[in-house]
Amino acid sequence: MDQKYQRFDTHALGADGSPRCASCTMRASFGKGEAEYSRIVSKSSAALLNSLWEKKQIPEDGWPDHALELFLSWLACHDTNNRVDITTVGAGEREGRVVCSLVRKLHCNLSHGIGRSGNIGDIQPKALGSSMLACLANEFALHALQEIGVVTCKAALVVPLCTGMALSLCMGSWRKSRPMAKYVLWLRVDQKSCFKSILHAGYEPLIVDPIREGDALVTDVETVNRMLEQRGEEILCVLSTTSCFAPRSPDSLEAISGICQMHNVPHLVNNAYGLQSEECVRRLNAGRSTGRIDAFVQSLDKNFQVPVGGAVIGTFKQSAIVPIAQFYPGRASCVPSRDLVLTLLSQGRRGLMETYEKQKRMFHKMKRRLSSFANEIGECVYDVEDNLISLALTLSSIPKEKQTLFGSILFNRGVSGARVVMSTTSKTLIEGYEFMNFGSHSNEQHGGYLNIACGVGMSEGELDELFSRIATTYAKFSRQNGLFVPRSDSRVYVDSDD
């Protein structure tokens with residue numbers, strides 16, 4: 001036998017001449033140094049998780065995926081059905097049983113949900129891990145709101161409801177405090193879920209249309225004041241809006257808040273995707289300092305880039321969030337809370353703020369490029385300085401009857417989110433209420449326009465491709481319909497600041 005193989009065979013034998021297993025050889029190789037290193041790693045992992053739980057704040061820098069998985073496993077082990085030290089016998093009607101293994105994996109073994117039957121904010125004893133997750137979600141949401149700029153926010157509640165239902169939850173929670181109320185004073189914004197949230201809460205809307213100020217549609221403050229003077233006791237709250245499609249501006253929260261305080265009427269703000277707008281955040285702070293904002297609601301998916309399904313309700317008083325949380329009936333899904341916590345852990349505070357800073361830069365680039373394109377085709381961009389998310393391009397060169405066709409072609413060519421708003425005298429019926437010119441936020445007639453928006457998460461590549469597709473689509477559409485054709489149908493509209 002070859003000498004080197006003979007030496008190998010001898011080394012692989014035990015003291016009695018029997019073969020030594022590989023695991024025994026490996027175990028013998030582990031000494032005090034390796035044991036100490038293992039202890040340090042275990043200790044650091046525990047310290048990471050314990051520190052997170054103690055501080056309950058978004059870490060400065062994001063965590064890697066394996067740390068997120070460790071975090072989820074750590075939480076899941078706190079739920080009684082996942083304990084490793086004892087086999088729990090479930091003798092109730094809801095014991096975290098999940099029959100499909102794929103569903104169990106999708107939910108990371110967190111199947112109990114959050115809250116208890118009477119209050120979404122209560123701790124569930126047999127679902128301590130899920131309760132910890134809900135607590136972290138609320139604390140992270142509050143930390144995020146404050147870091148983004150709503151510095152005087154005192155409480156935040158993450159609910160597994162989209163924006164409209166979260167607004168409805170707030171309104172319903174105020175019913176006892178205003179027993180004479182039958183109406184909600186709604187500042188018109190042509191978005192159905194906001195309007196329907198009033199009806200779902202059991203109230204009738206009193207609709208206040210915006211008024212024209214230059215190109216922008218702004219709050220009719222005088223009408224709001226007059227209606228509160230006349231019917232204050234009958235009004236549950238004023239429902240205003242910040243984020244919206246141009247040419248509508250964010251509502252004048254400062255003025256509305258002052259009027260609401262003067263008439264002692266609650267003020268609810270639909271801040272759906274307003275966190276990414278410095279102006280919307282500024283108006284929230286201004287409204288808080290000059291009057292009253294009882295609650296403000298924002299979407300999780302639009303502001304934090306998570307799947308649809310959740311919202312954050314913020315209040316400027318710690319006590320104000322309690323009746324809202326207590327009004328929620330039953331337990332709730334922990335999925336929106338889980339997604340928010342994982343996302344903010346992955347980004348870290350630094351990453352979160354970078355995405356918001358990037359949105360600001362991208363919006364200004366989008367506005368410059370759209371203005372350049374508008375000039376090229378003989379159109380204009382509505383001047384709505386306070387709207388830092390949505391833009392509106394006039395479509396006066398396209399016949400009214402063909403404007404929606406242009407929007408459909410854009411969608412078919414992969415431009416999602418853009419929408420064409422055609423002026424019309426027809427009425428849209430929503431739950432028995434008629435709206436003239438729905439989609440335009442006003443009964444006023446106009447020449448039609450195209451809305452595009454720069455939401456958080458939009459990339460440079462998307463922006464380039466957006467204007468490439470808009471330009472080529474418009475040029476082809478114009479040629480086919482005998483309209484004005486721009487000088488170049490392939491130019492990507494950039495400016496010197498890009």
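Descriptive notes on the structure:
- The listed residue being farther than 22 Å from A201 by Cα and among the acidic types (D, E), out of E234, E229: E229
Yes/no per residue for (1) in the same structural domain as L136 (by TED's automatic domain parsing); (2) under 28 Å from L342 (Cβ atoms); (3) modelled with pLDDT of 65 or more; (4) not hydroxyl-bearing (S, T, Y):
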residue: D9; (1), (2), (3), (4): no, no, no, yes
residue: R20; (1), (2), (3), (4): no, no, no, yes
residue: A46; (1), (2), (3), (4): no, yes, yes, yes
residue: Q57; (1), (2), (3), (4): no, yes, yes, yes
residue: W63; (1), (2), (3), (4): no, yes, yes, yes
residue: E69; (1), (2), (3), (4): no, yes, yes, yes
residue: A76; (1), (2), (3), (4): no, yes, yes, yes
residue: T88; (1), (2), (3), (4): no, yes, yes, no
residue: E93; (1), (2), (3), (4): no, no, yes, yes
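- Residue count for the range 410-429 satisfying the condition of being exposed (fewer than 15 other Cβ atoms within 10 Å of the Cβ) and farther than 15 Å from A246 by Cβ: 10.
- Residue count, the range 220-241 (criterion: of a type in the set (S, T, N, Q) and touching a Ser or Thr at 6+ places or on another chain (Cβ under 7 Å)): 0
- Residue within the range 225-239 that is in contact with an Asp or Glu (Cβ under 8 Å, 6 or more places away or on another chain) and surrounded by 17 or more Cβ atoms within 10 Å (Cβ to Cβ) present: yes
- Filtered by the rule that a residue be more than 25 Å from the chain's Cα centre (by Cα), of a type in the set (V, I, T) and within 30 Å of R104 (Cβ to Cβ), the range 30-85 gives V41, T80, V84.
- Matching residues, the range 114-160, being out of contact with any Asp or Glu (no Cβ under 7 Å at 6 or more places or on another chain), farther than 27 Å from R349 by Cβ and either crowded, with 24+ Cβ neighbours inside 10 Å or of a type in the set (S, T, N, Q) (or both): S117, N119, Q124
- With respect to the stated conditions, C334 is touching a strand residue (DSSP E or B) at 6+ places or on another chain (Cβ under 7 Å) and touching a residue at least 60 places away in the same chain (Cβ under 8 Å).
- The residue that is nearest to D215 (Cα to Cα), counting only those in the range 391-427 that are outside any loop (DSSP other than H, G, I, E, B) and touching a Lys or Arg at 6+ places or on another chain (Cβ under 8 Å), is L391.
- Qualifying residue in the range 186-197 (condition: of a type in the set (F, W, Y) and either in a helix (DSSP H, G or I) or touching a Pro at 6+ places or on another chain (Cβ under 7 Å) (or both)): yes
The values are calculated or read from the model by the stated rules, or taken from the named source; none is laboratory data. Just so you know, these numbers come straight off a predicted model, no measurement behind them. Neighbour counts are summed over all protein chains in view; Cβ atoms, including those assigned to glycine, are modelled from backbone coordinates with ideal geometry.
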